[in-house]
Amino acid sequence: MITKFATVYAGHVDLPDMGQMATPANERRYSNEVLSTVFQKTEDVARVMDECGYDAIWLAEHHFQHEGYECLPNILMLAVHLAHVTPRIRIGCGFNIAPMWHPLRLAEDFATADILTRGRTIFGVGRGYHSREVESFGNPMLDAEANRELFEEQVEIILKAFREESFSHRGKHYTLPPEVPYRGYPLKEITLVPRPLHQPVEVWQPIVSGSARGLEFMARHRIKGVISATAEELVQRWVRDYQDIARRHGRALQLGEDLILGFRMCIDDTAERAIERARPYFEEHAKVMAPLGMLRYSEEHVKAVAARQPQSPTSATLENGVRNRSWLCGPSGDIVSYLKEVERRYPGLDHVMIGWAIGTPRDLMVEQLTRFAREVMPAFRP
C-alpha cells in the first residue's frame, strides 16, 4: 500500500535554455556564483516538501560539473543543514558514490549525520557513472569490473562498520585494521566511533540494469532498491526478480516490498499540455545522459546501460516515455488512477518517488510538488 511520497533532485541549477536545439551540453559553462545557487534551490524545495507532507527528499552526490547539471558534492553535509531548517522531512542519500570515498570515512560521516539529524538521514550508495569524477579522485576505475569489485568490497566494509560492535576486514582492496602494534598490543579489530544511533541502518541502492549479480549482492546484504524513470515492462521484471532472489536468501517479501518506484512527472489539465510543458526538460535530460549510457526507456537502452555504452540522445521520445510509464504526464486524476493500479500490482510497495529531468527550473519544481501534494497524495491517505 502506497503511503510515502518523495522526490529525487540531483542538484541542477536553473538553466537559461533547454532542449535538443539549445546550448550543447559540453559547451555549458557557469560562474561559481551561479553554481552555488544549487544550495538555496535545494533548501527551497526541501521546505516546500516538508510543508506539503512528503516523506523524503533524495539528493545525489556528483562532482566537477561546471555545466550546471549535478552540483551537490557532499549530500551528508547538506542533509545536516536541511535537518536544521526543516522540522520533519527525511533526507535521502540517492546516492553517495562509494568509489569516491574511503569506506570508513563514508561510514563515519553518515553516522555523524544520523546522530545530528536525529535519524532523518537515509543511507544510499551507488557506483557512479562519471569517469572523470572517479579518475580525478585518484581511483582509476574506468574498467567496469574493477569498479564493481571495489564498490562491493566498500559496501561490505560499511555494513560491518554499521552493524558490528567491532570488526576486521581482509579483502582485495582493503586490510582493516592494518596489522600494527597499538599502545602495546596487536591491533586486530576496530570500531566505528560513534556508530549510527538509529539501527538497523536502512541501506538503499539504485537498480540500474537489473543484473542478476547486482540483485544478488543487494539481497545477500539486505539492501533495499530504487527503480526510477524506467520503462514499465522492465520494472515488472525487476520487481519480480528482486522478490525471487530475496526469497532465496530467506526473506519472504511481498511484491514491491523494500523497493521505491520512481517516475518523472508533469501535471497539467490535459496530457497534451503536460507533454509540451515537459518536452524541453526531457530533451535536455536525454542530451546529457544518453552519452553516458543512462537512459532506461527500452530493452535496448538497458542493454547499453549494462555495457556502459553511449546511447543516442534522440533514441527516445517523451511520447514513448509516457506510453511506457517512465513518465507520468497528464491531469492529476489520471496519475491517481495509474498509481492505484501500481498499488494493486505491487501490494508490498509503500514508497513512490517523483523526479525531475535535468534542467527543470526551481519554480516549476515547486509548483509541481505543491500540485501533486494537493491533488494526488490525498487519494493515498487514510
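The values are calculated or read from the model by the stated rules, or taken from the named source; none is laboratory data. This structure is a prediction, so every number in the text was calculated from the model and none was measured. So basically every Cβ, Gly included, is an ideal-geometry build from the backbone, and we count neighbours across all protein chains shown.
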- Query: Of the conditions (1) touching a helix residue (DSSP H, G or I) at 6+ places or on another chain (Cβ under 6 Å); (2) crowded, with 21+ Cβ neighbours inside 10 Å; (3) modelled with pLDDT of 95 or more, H198 fails just one. Which one is it?
  - Reply: (2)
- For the stretch 336-364, pairs from a residue that is of a type in the set (D, E) to a residue that is modelled with pLDDT of 95 or more and surrounded by fewer than 20 Cβ atoms within 10 Å (Cβ to Cβ), with Cβ under 9 Å and 6 or more apart or across chains, are E343/I2; E343/F380; D350/I2; D350/T3; D350/K4; D350/E257; D363/D14
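To keep it simple, each residue is scored yes or no on (1) crowded, with 17+ Cβ neighbours inside 10 Å; (2) more than 29 Å from A252 (Cα to Cα); (3) in contact with a helix residue (DSSP H, G or I) (Cβ under 7 Å, 6 or more places away or on another chain).
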position: R296; (1), (2), (3): yes, no, yes
position: P310; (1), (2), (3): no, yes, yes
position: T314; (1), (2), (3): no, yes, no
position: P331; (1), (2), (3): no, yes, no
position: H351; (1), (2), (3): yes, no, no
position: A357; (1), (2), (3): yes, yes, yes
position: M365; (1), (2), (3): yes, yes, yes
- Message: Please pick out the residue among R381, R374 that is loosely packed, with under 15 Cβ neighbours inside 10 Å, closer than 19 Å to L261 by Cα and over 19 Å from the mean Cα position of the chain (by Cα).
- Response: R381
- Message: Against the condition under 22 Å from M353 (Cβ atoms), at pLDDT below 80 and assigned to a helix (DSSP H, G or I), how does V336 come out, does it pass?
- Response: no
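Here is a yes/no grid of residues against (1) over 13 Å from L261 (Cα atoms); (2) out of contact with any strand residue (DSSP E or B) (no Cβ under 8 Å at 6 or more places or on another chain); (3) among the charged types (D, E, K, R):
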| site | (1), (2), (3) |
| --- | --- |
| S211 | yes, yes, no |
| R220 | yes, yes, yes |
| G225 | no, no, no |
| A229 | no, no, no |
| Q236 | no, yes, no |
| I245 | yes, yes, no |
| H249 | yes, yes, no |
- Task: Output yes when any residue across the stretch 224-244 is of a type in the set (D, E, K, R), at pLDDT 95 or above, assigned to a helix (DSSP H, G or I) and closer than 27 Å to L15 by Cβ, and no when none is.
- Result: no
- Task: Please find, within the stretch 186-195, the residue that is modelled with the lowest pLDDT out of those that are surrounded by fewer than 19 Cβ atoms within 10 Å (Cβ to Cβ) and touching a strand residue (DSSP E or B) at 6+ places or on another chain (Cβ under 9 Å).
- Result: L187
- Message: Within the stretch 164-185, take every residue that is surrounded by 11 or more Cβ atoms within 10 Å (Cβ to Cβ) and aromatic (F, W, Y) and give me the one that is nearest to H221 (Cα to Cα).
- Response: F167
- When both residues are 6+ apart or on different chains and their Cβ atoms are under 9 Å apart, which pairs have a first residue that lies in the stretch 173-195 and is in contact (Cβ under 8 Å) with a residue 24 or more places away in the chain and part of a loop (DSSP other than H, G, I, E, B), and a second that is surrounded by 14 or more Cβ atoms within 10 Å (Cβ to Cβ) and among the basic types (K, R)? L192/K160; R195/R163
- Query: Any chance the stretch 52-73 includes a residue that's crowded, with 18+ Cβ neighbours inside 10 Å, at pLDDT 95 or above and in a helix (DSSP H, G or I)?
  - Reply: no
- Examine the stretch 304-317 for a residue that is of a type in the set (K, R), in a loop (DSSP other than H, G, I, E, B) and modelled with pLDDT under 95, and state whether such a residue exists. yes
- Of the criteria (1) part of a loop (DSSP other than H, G, I, E, B); (2) farther than 22 Å from Y69 by Cα; (3) under 18 Å from the mean Cα position of the chain (by Cα), which one Y297 fails: (2)
- Would the stretch 279-286 turn up any residue that is within 27 Å of G11 (Cβ to Cβ) and part of a loop (DSSP other than H, G, I, E, B)? no
- Item | Residue identified as of a type in the set (D, E, K, R), assigned to a helix (DSSP H, G or I) and over 16 Å from the mean Cα position of the chain (by Cα) among R47, R88 | R47
- Message: Please count how many residues of the stretch 247-264 are among the small types (G, A, S), in contact (Cβ under 8 Å) with a residue 12 or more places away in the chain and either surrounded by fewer than 22 Cβ atoms within 10 Å (Cβ to Cβ) or part of a strand (DSSP E or B) (or both).
- Response: 1
